[in-house]
1. Please enumerate, by chain and number, the aspartates and glutamates with C-alpha under 12 Å from the C-alpha of residue 96, excluding those fewer than 8 residues away in the same chain.
2. May I ask you to derive the FRET efficiency for residue 126 and residue 379 from their Cβ-Cβ distance with R0 = 41 Å, giving the value to the nearest 0.05?
3. Taking square-rooted eigenvalues a ≥ b ≥ c of the alpha carbon gyration tensor, is segment 220-403 rounded, prolate or oblate, where a/c under 1.5 means rounded and, failing that, a/b exceeding b/c means prolate?
4. Among 142, 255, rank each residue by its count of other Cβ atoms within 10 Å, from fewest to most, as a rough exposure measure.
5. Listing 121, 169 from the residue with the fewest other Cβ atoms within 10 Å to the one with the most, what is the order?
6. Amide H neighbours of residue 336 under 5 Å, counting only residues 5+ apart in sequence or on other chains, H built in-plane at 1.01 Å?
7. If the only charges are +1 at each Lys and Arg Cβ and -1 at each Asp and Glu Cβ, what is the size of the charge dipole of segment 344-395 around the Cα centre, to the nearest 20 debye?
8. For segment 94-103, what does the Karplus curve 6.51 cos²θ - 1.76 cosθ + 1.60, with θ = phi - 60°, yield as ³J(HN,Hα) per residue in whole Hz, taken in order and with x for Gly and Pro?
Amino acid sequence: MLSLKALLRSDIITEEELGSAVDTKELMYNKAKAFVLARHDATITQLKKGAHAGKYKTYIGTPRRSIMASTYDGLIEKLFKYYFDGETTSTNVTLKEGIKWEAEFRQKVKGTQRITIERAWDCINRSLPEELLEQPMNELDTEQICEAIRTRIAEKNLKMASVRTVLQWIHAAYRQGINKKLVDSDPIYGIKADYFAVMCSKNQKKKDFWDDNSGETLPPETIRKIEEHLWEYIDDVTARAILLNLYIGLRIGETPAILKSDIDENFVHIHRQQQRCPRNKETGSPQKFEIVEYTKNERGNSRGGRYIPLDLQPQIREFIDICFEKSDKDSEYLFSDKNGEPISKDSIRTYLRRHLEKLEIKTTKNHVFRKSLNSNVLIPNGYDAIERSMILGHSVRVNMENYTYQGNYKYREILDKASELVTQSNSKKSTQKIIQFNIEKCRKAYK
């Protein structure tokens, strides 16, 4: 609300003007508007789309932040208060704006990739309701934010990783607000993702199977079944791409980026990947793909990639020769479409899902080939954890925690070794005191 006393005290309105005015409110508004427009350079726009369609918006301050009002006159009043009183509009700084400041900071200062920011926004929009994001940061409290997250966990079946990400961004948004002296404190300071673990546990609990076919890794006979099926479609470039993933455990985005020159006499050099370009949210144009000169394990900082031996499995050399023979001779890519451009990882994903469903295999993701290669080929052939991590392109810790399973099925190996020990001791008629396990009883106990 415009203050007549303030206008008079600042000589924006004189006593003479006030005395001759027909409509005092109109005079006050016109004087305030002239005061604002003389100082405000940013454009005032009326939003055409989205949840705030029809509202008026502009930007103020350094660093720049937005303010919004339902009417043009209401926005003029807010701008007058900002310029006249020198007051900040901290009560109008929304949580979304705080997150935007953090996103700009990460891109400009920390050098975070654009695609990483886009993925974070997807997670935030999925994990927090729009009405919470549009609320002023000063008005939000601990219970309100936590309740919104719990509601979204139930509605969207969120995983712990999503909750952890969104909490990190909320904390960061409030740090930005505190640094700019727009908010006093972080209402969820000390709140951790672990507090929501009970609700998310059904999505995060790791399976501990007796059966080797855990859904995380496929047994050798299933891998052979998939291999034989794909060889029937060897003339299809997508089938060949999936076969290569099956043989050497590539990520789905690494296969389309392979150049013919990346393959020499002994190795396949993996140092590029195909990734999705962010969707243009203003135009709604479809997402496209681009090839970047690094892989996921290098995290945007290429260190030369990794080398996978061609003799990792016996059939690889013959298969590579077929890939060269059937590839587009005019394209530099090993797996290209009719235009000579690399095939998309989406086409690989779709093709794989369709064909594994034909084979009635529940797992339809390319990632299962990486874990199966680790379990069925690398470990049995004596590759240690460091060598396995170098081939698959991740850390030793990731290999041991996520690719090397220690489920109940391992008890079978323990029991077999115990049985072998008893057999050897009996055959040698050893005089050593060896505990005689009842092997059959143990097997039944772990079934």
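1. Straight-line reach from residue 96, under 12 Å: 130, 131, 134.
2. It comes out at approximately 0.65.
3. The shape class here is rounded.
4. 142, 255
5. 121, 169
6. 328, 343
7. Computed about the Cα centre, the dipole is about 300 debye.
8. 7, 4, 4, 5, x, 5, 4, 4, 5, 4
Here, each number is a calculation from the coordinates, and none is a lab measurement. Please read all numbers here as calculations on a predicted model, not as lab measurements. Virtual Cβ from ideal backbone geometry, glycine too; neighbours counted across all protein chains shown.
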